[in-house]
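Here's a structure for you.
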Amino acid sequence: MSKQPSKIVHEGKIVSINAQSIEVEIVNKSACATCHARGVCGASEEQVRIVVIPQTLATATAGYKEGDNVHLVLSAAMGMKAVIFAYGLPLLVLLAAILCFSACGLEQLYTGLLSLLSVAIYYIIFALFKDKLEREFVFSIEP
């Protein structure tokens, strides 16, 4: 049996430091970003993202400077929880809505449209709780 990793690590670069937070730039690459043909393919993706790490006593005393390369660390359990919130629960909402609307005797077109609307409502509610989720899913920083 293979052992599951206990943490998820991303490499990044510190772009800004202030009294409340450290901003780290990470580059998300798709699987084909390392392919030699990505320049002509057009399917490759690279996204630059800024992750805000709350300033703590440990980060304040670590002596980080802008431009330093660091590792952002998230526990694997938090990563799995994020996947469930982003993909698992919407799938359950979609399936439940399809079953409920079908059982009510609605036509397939309306069942499909209302089911998609249900998933859209899930994501709107999810967005309303963004601040709470940001406090729960916190990256730590390592040199």
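Cβ contacts < 9 Å: first residue within 17 Å of VAL27 (Cα to Cα), restricted to region 56-77; second residue assigned to a helix (DSSP H, G or I), any location; separation 6+ or different chain. Result?
LEU74/ALA82
A further question follows. Output the number of residues of region 70-100 satisfying the condition of being exposed (fewer than 13 other Cβ atoms within 10 Å of the Cβ) and in contact with a Pro (Cβ under 8 Å, 6 or more places away or on another chain).
Total meeting the criteria: 1.
While we're looking at this one, here's another question. From the list TYR87, TYR123, TYR110, exactly one residue is part of a helix (DSSP H, G or I), more than 17 Å from the chain's Cα centre (by Cα) and among the aromatic types (Phe, Trp, Tyr). Which is it?
On the way: TYR87 fails: more than 17 Å from the chain's Cα centre (by Cα); TYR123 fails: more than 17 Å from the chain's Cα centre (by Cα).
Of TYR87, TYR123, TYR110, the one residue that is part of a helix (DSSP H, G or I), more than 17 Å from the chain's Cα centre (by Cα) and among the aromatic types (Phe, Trp, Tyr) is TYR110.
Let me ask something else about it. Could you please tell me which pairs satisfy a Cβ distance under 8 Å, a separation of 6+ or placement on different chains, a first residue in region 111-127 that is under 9 Å from ILE98 (Cα atoms), and a second residue that is not in a helix (DSSP H, G or I)?
LEU114/LEU106
Residues checked against (1) in contact with a Lys or Arg (Cβ under 8 Å, 6 or more places away or on another chain); (2) modelled with pLDDT under 80:
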{"site": "SER16", "(1), (2)": "no, no"}
{"site": "LYS29", "(1), (2)": "no, yes"}
{"site": "VAL51", "(1), (2)": "no, no"}
{"site": "ASP68", "(1), (2)": "yes, no"}
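The values are calculated or read from the model by the stated rules, or taken from the named source; none is laboratory data. Note that the structure is predicted; figures quoted are calculated from it, not measured. When we count neighbours, we look across all protein chains shown, and the Cβ atoms used for this are built from the backbone with ideal geometry, even at glycine.
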